[in-house]
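Structure, as structure tokens:
The values are calculated or read from the model by the stated rules, or taken from the named source; none is laboratory data. All figures in this text were calculated on a predicted structure; none of them were measured in a lab. Positions of Cβ are generated from backbone atoms using ideal geometry, with glycine treated the same way; all protein chains shown enter the neighbour counts.
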Amino acid sequence: MNLMIGLGTVLVVTFAAIAAVVVYRGTAPPADAAYQTSKGERLFWALSAAGIVFGIGGYLGDKVTSVPPTTPSVIAETPTNDS
């Protein structure tokens, strides 16, 4: 089984991880807040943000494809008479 990881996959995973960390830290309330969100709630929002990034990245990555050339590019050499 061959596993190929492309640049698009690396970018989507990286952005998803960054989004999850930003959301997790961003939803942390200050210590004197009246309502304290639990770690489970914060983790839920972080994983939801990562899932959204995966979905958008997968959709956009599916639209970008590399097309192989239709004809081989061969340069023909002209025979010379060096004798």
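Between 47, 43, the distinction of being farther than 17 Å from residue 14 by Cα and at pLDDT 90 or above belongs to 43 only. Across segment 56-83, the number of residues qualifying as outside any helix (DSSP H, G or I) and either at pLDDT 95 or above or under 20 Å from residue 13 (Cβ atoms) (or both) comes to 3. Being surrounded by fewer than 10 Cβ atoms within 10 Å (Cβ to Cβ), at pLDDT 70 or above and in a helix (DSSP H, G or I) is the requirement here; does residue 32 meet it? It is false that residue 32 is surrounded by fewer than 10 Cβ atoms within 10 Å (Cβ to Cβ), at pLDDT 70 or above and in a helix (DSSP H, G or I). With respect to the conditions (1) of a type outside the set (Gly, Ala, Ser); (2) modelled with pLDDT of 90 or more; (3) surrounded by fewer than 13 Cβ atoms within 10 Å (Cβ to Cβ), residue 53 falls short on a single one, namely (3).
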